[in-house]
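The values are calculated or read from the model by the stated rules, or taken from the named source; none is laboratory data. Note that this is a predicted model, so its numbers are computed, not measured. Neighbour counts run over all protein chains shown; Cβ positions are idealised from the backbone, glycine included.
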Amino acid sequence: MELDTLPAAPVDKHDAERENRAREICGQLLIDRWVAKRQCRDLLLDDELRAMVGRRLDGVGLELVESFSSDYFAVRLRRDIEADIRLDWATNARVPRGAVALLVILWAKLVLPKRIASTEAALARQNPAAPVDPNAPVEGPISLTRGALYAEFGRKFGMTAFARYLGQLKTAGFVREDRRGNLTEGPVLDLLIDGVQMAQKLRDSVLWDVLERGGVDMPEPADTDDGDDLGDDED
C-alpha cells in the first residue's frame, strides 16, 4: 500500500472540542484582556484545556493570570518580556506615572484588605481554636467613594489630574465606578498588580509618605534605589 493511500489518523472528538474552546477563550482574552471565571468554569476544571490556552498565549508572549481572591482570568505580558522596561505593564496599558501612583493607593484600599481577610480565614480553618480578631478585615466586596478618595489623597495630585488619572484607570479595567461615585475593584486590579513589587518601586517616593500619612497599610518593601513622584506627567 502506498503511503499516500494510508487512512488519516482519527481525530479525537474531545481534543478537537478543546482546541476550539481554547481558540475561543484566547480570542476573548486578547480582545477584552479579562474574562469572568463564571464564563470559563472549564478552565478551572480541565487541566488540558488550561494547558492549551497557556501554550497559545505563550506563543505571542502572553500568560494567563488568576488569583484565588479574584473573580476573573486575565492576560499579561510574560515576566521575561516585561523585564524590558519598554514593555512593562504600565507602558503597555498606557498608564502614566501619576496614574500608577493612584493605582497603588486603590490597590491598597480595595485589594489588600481582601487578601488579608482571605489569609486570616485560611489560618482560622487550620487552627479553629485560635482567638478571633474582632478588628480583622471582613470578607466581601470593598468600595470607597470618589469623594472620600479625593479628600484623603486627591489634593496631592490636583483636581484635574486626579479626575484624569482615575478615568484612565477605569478605562484600563483597574477600577469601576457606579453612578453614585462608588469605586470598586476592576477586573484586573487584583491580577496585574504585584503589591510588594510596587511598594519596592515607590518606597522612596513622595507617594510612600502620602500612603503612610493616609493610614494605608502597605507591604514592607526591600531596599531599593528606585523612586518616582506624584507630579503631572505632562510637560
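Residues in the range 135-174 that are modelled with pLDDT under 90, surrounded by 15 or more Cβ atoms within 10 Å (Cβ to Cβ), among the hydrophobic types (A, V, I, L, M, F, W, C) and in contact with a helix residue (DSSP H, G or I) (Cβ under 7 Å, 6 or more places away or on another chain): I142, F153, F157. Taking R179, is it modelled with pLDDT of 90 or more and more than 21 Å from the chain's Cα centre (by Cα)? Yes, satisfied.
Test L64 against the criterion of being surrounded by 14 or more Cβ atoms within 10 Å (Cβ to Cβ), assigned to a helix (DSSP H, G or I) and either at pLDDT 90 or above or among the β-branched types (V, I, T) (or both), and give yes or no. No, not satisfied. Considering only residues in the range 1-36 that are within 30 Å of A74 (Cα to Cα) and part of a loop (DSSP other than H, G, I, E, B), the one that is modelled with the lowest pLDDT turns out to be D12. Figure legend. Inter-residue proximity from the range 90-111: first residues over 18 Å from A163 (Cβ atoms) and at pLDDT 85 or above, second residues of a type in the set (F, W, Y) and not in a helix (DSSP H, G or I), beta-carbon distance below 6 Å, spacing 6+ or different chains. No pairs are indicated.
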